[in-house]
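The values are calculated or read from the model by the stated rules, or taken from the named source; none is laboratory data. This structure is a prediction, so every number in the text was calculated from the model and none was measured. Cβ sites come from the backbone with ideal geometry, for glycine too, and all protein chains shown count toward neighbours. Just so you know, the surface numbers come from the protein's heavy atoms only, side chains and all, with ligands and any DNA or RNA stripped out. Shrake-Rupley method; radii C 1.70, N 1.55, O 1.52, S 1.80 Å.
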Amino acid sequence: LMGEINAKVSEISDLVELDKIRVAYLGKKGSITALLKGMKDLSPDEKKAFGSEVNQLKAMASEKIEQKIEELKKKEVEREIASMRPFDITAPSNIVKGSYHPITLVQRQCEAIFKSMGFTVEDYSEIVTDYECFESLNIPKHHPARDMQDTYYLDNGQLLKSQTSAAQNAILKKYGKNLIENGVPIKAIFPGRCFRNEATDACHENTFFQMEGVMVDKNISISNLIFFMKTMLSEVFQKDINVRLRPGFFPFVEPGFELDISCLICGGEGCPSCKHSGWLELCPCGMIHPNVLREGGIDPDEYTGFAFGLGLTRLAMMKYGIKDIRDLNSGSLKALSQFTDDK
Ligand code: FA5
């Protein structure tokens with residue numbers, strides 16, 4: 001019987017025919033199954049010998065059929081591969097590649113620069129409380145300094161953060177313990193979206209990005225601040241940039257400065273992007289006011305620190321030569337997709 005099965009199986013070239021053979025021998029009404037059924041009329045000794053032989057036959061037949069199934073399946077795959085069109089890996093593709101937003105690109109670059117200098121990168125919410133955005137920053141209710149930023153208030157009394165400085169208090173509280181108990185300096189940056197009720201023009205938007213930075217330790221001075229600002233700018237632009245530092249007032253720093261960079265759109269000649277002044281306000285900064293440190297749980301007699309509020313959106317404009325800030329929020333893929341990570 002095995003000889004017969006072998007001969008039939010080797011002639012087969014498709015899976016359907018093969019299954020017919022399987023059913024004919026091993027199916028419920030198959031001939032091997034019938035042999036097993038017929039054993040009931042044999043004596044116990046005959047049953048033993050015959051049974052073992054039939055079982056062996058059954059195992060061999062199953063194995064032969066299984067092998068053939070594998071062989072046929074493999075052939076089928078080979079046939080399919082052979083019938084496929086050859087794949088030309090040198091053919092040009094028309095897949096449209098996505099691109100990162102220019103603000104994302106400079107944000108990532110700034111994050112990498114500050115991380116390499118030991119700063120942590122923090123995330124912060126866009127909706128904050130009056131305490132976070134103003135009171136903890138030495139700006140009491142009804143203080144005239146509130147007029148510096150026309151803020152969007154929500155019905156529930158919260159507000160859309162008008163400056164990333166809103167995260168300062170939380171950061172001081174988060175890392176203050178480690179500073180006081182273990183002497184680990186606070187070094188953090190927090191990039192984020194800010195909102196102000198502004199009349200928009202080429203360099204003002206009502207939604208823009210800032211990146212806050214703080215550093216607190218013993219003996220931190222203005223020279224530390226200037227060092228970090230200079231390093232950041234030379235890394236971002238990869239060339240010397242004209243900067244000027246002038247006094248600036250912010251209730252949460254003392255002394256406070258405005259760091260301007262020479263406008264890279266017009267080379268300092270004057271254009272709409274810099275309001276025809278040749279300079280662009282980029283990064284106000286200063287030494288953290290003692291009241292702000294105290295409110296964050298840090299003793300200003302023992303520790304000092306600096307803070308800065310980099311205008312990330314304006315930095316992206318300068319880096320990529322974008323003349324109008326409104327293009328950045330336009331959502332125009334045609335305009336935005338031309339900027340790529342040049343690193
Ligand atoms: C502030 O927001 C302070 N929180 C910065 C600061 C932080 C000072 C820490 C001291 C210490 P100012 O309102 O100037 O400051 O905004 C900071 C920067 O954000 C500006 O220099 C500018 O680059 C950018 N900026 C402000 N308003 C807009 C706007 N409407 N559109 C685009 N960029 C803006």
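Computed quantities for the displayed model
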quantity: Degrees, to the nearest 10: 222-237 long Cα axis against longest axis of the chain; calculated: 50
quantity: C-alpha center-to-center spacing [segment 299-343, segment 43-76] in angstrom; calculated: 75
quantity: For segment 19-35, Karplus couplings with θ = phi - 60° (6.51, -1.76, 1.60), whole Hz, Gly/Pro x; calculated: 5, 4, 5, 4, 5, 4, 9, 10, x, 3, 9, x, 5, 5, 4, 5, 4
quantity: Total lysine pairs under 22 Å (Cα atoms) in segment 145-231, excluding pairs fewer than 8 apart on one chain; calculated: 12
quantity: The chain: relative contact order as a whole-number percent, Cα under 8 Å and 6+ apart; calculated: 16
quantity: Estimated translational D of the chain in µm²/s (Stokes, Kirkwood radius over Cα pairs; 20 °C; 1.002 mPa s); calculated: 82
quantity: Between helix 2-11 and the chain: long-axis angle, C-alpha atoms, 0 to 90°, nearest 10; calculated: 50
quantity: Length-normalised contact order of segment 146-192 in % [C-alpha pairs under 8 Å, at least 6 apart]; calculated: 26
quantity: Whole-number percent relative contact order across segment 1-100, with pairs defined as alpha carbons under 8 Å at least 6 apart; calculated: 29
quantity: Segment 204-244 residues near the modelled Met117 label - backbone nitrogen below 12 Å, point 7 Å along Cα→Cβ; calculated: 213-215, 223-236
quantity: Accessible area expressed per residue, segment 7-70, with surrounding protein chains retained (probe 1.4 Å, Å²); calculated: 70
quantity: Share of carbon and sulfur in the accessible heavy-atom surface of the chain [1.4 Å probe, %]; calculated: 52
quantity: Computed [θ] at 222 nm, deg cm²/dmol, the chain (DSSP H ≥ 4; -39,500 (n - 2.57); rounded to nearest 500); calculated: -12500 deg cm²/dmol
quantity: Proportion of all alpha-carbon pairs of segment 88-229 beyond 21 Å (%); calculated: 55
quantity: Range in the chain, longest, excluding exposed GluC sites (Glu not before Pro) [loop by DSSP; at most 15 other beta-carbon atoms within 10 Å]; calculated: 1-125
quantity: Hz values of 3J(HN,Hα) by residue in segment 137-144 - Karplus curve (6.51, -1.76, 1.60), Gly and Pro given as x; calculated: 9, 6, 10, x, 4, 6, 6, x
quantity: DSSP-loop trypsin sites (Lys or Arg not before Pro) across segment 229-268, with at most 10 other Cβ within 10 angstrom; calculated: Lys239
quantity: Restricting segment 190-224 to trypsin sites (Lys or Arg not before Pro) in coil, as DSSP defines it, with at most 11 other Cβ within 10 Å; calculated: Lys218
quantity: Degrees, to the nearest 10: 102-116 long Cα axis against longest axis of the chain; calculated: 80
quantity: Whichever lysines have a C-alpha closer than 25 Å to that of Lys68, once near sequence neighbours (fewer than 8 apart) are set aside; calculated: Lys8, Lys20, Lys28, Lys29, Lys58
quantity: Unpaired by the 4.7 Å Cβ criterion, cysteines found in the chain; calculated: Cys110, Cys133, Cys194, Cys203, Cys283, Cys285
quantity: Whole-Hz couplings from phi, Karplus 6.51/-1.76/1.60, listed for segment 64-78; x for Gly and Pro; calculated: 4, 5, 4, 4, 5, 4, 4, 4, 5, 4, 4, 4, 4, 4, 4
quantity: Cross-link partners of Lys73 among aspartates and glutamates (Cα-Cα below 19 Å; sequence separation of 8 or more within a chain); calculated: Glu11, Asp14, Glu17, Asp19, Glu63
quantity: Radius, Kirkwood style, for segment 189-254 when every pair of distinct Cα atoms is counted (Å); calculated: 14.7
